[in-house]
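J.: The structure's right below; bear with me while I get my questions together.
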């Protein structure tokens, strides 16, 4: 899963009508997933809680943009300032760490662009 946050530079995107049921339901998620992996709905809740703007979910997995080559979903959101963008990224990272608390194996996400805050990309592995 990729989470990309950029300062108001991204335009509006609306999913095609045939993808809406898939985006709005958790039917695509496997029921055998480990409990320490963060769910897409949890990422969306964190983004809503920190008031990220223009939150968009792109299905890139099987049947999505690239046939599942690199990720299942790409989540894109905007922030009002560099500080807000960094805060959004920190909130997502905190949620990922909290979800893995007490787990036998902790998977730390890869983060790029966090120092400057103009944009941040978080590769959290599986969600």
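Just so you know, all these numbers are worked out from the coordinates, no wet-lab data involved. Just so you know, these numbers come straight off a predicted model, no measurement behind them. We place every Cβ from the backbone using ideal geometry, glycine too, and count neighbours over all the protein chains shown.
J.: Ranking request for peptides 37-47, 108-118: highest mean number of other beta-carbon atoms within 10 Å first, then the rest in descending order. Write down the numbers at each step before the final one.
T.: Values: 37-47: 17.7, 108-118: 14.1.
The peptides rank, most packed first, as 37-47, 108-118.
J.: Return the FRET efficiency for the residue pair residue 110, residue 80: r is the Cβ-Cβ distance, R0 is 25 Å, and the value is rounded to the nearest 0.05.
T.: That gives a FRET efficiency of 0.50.
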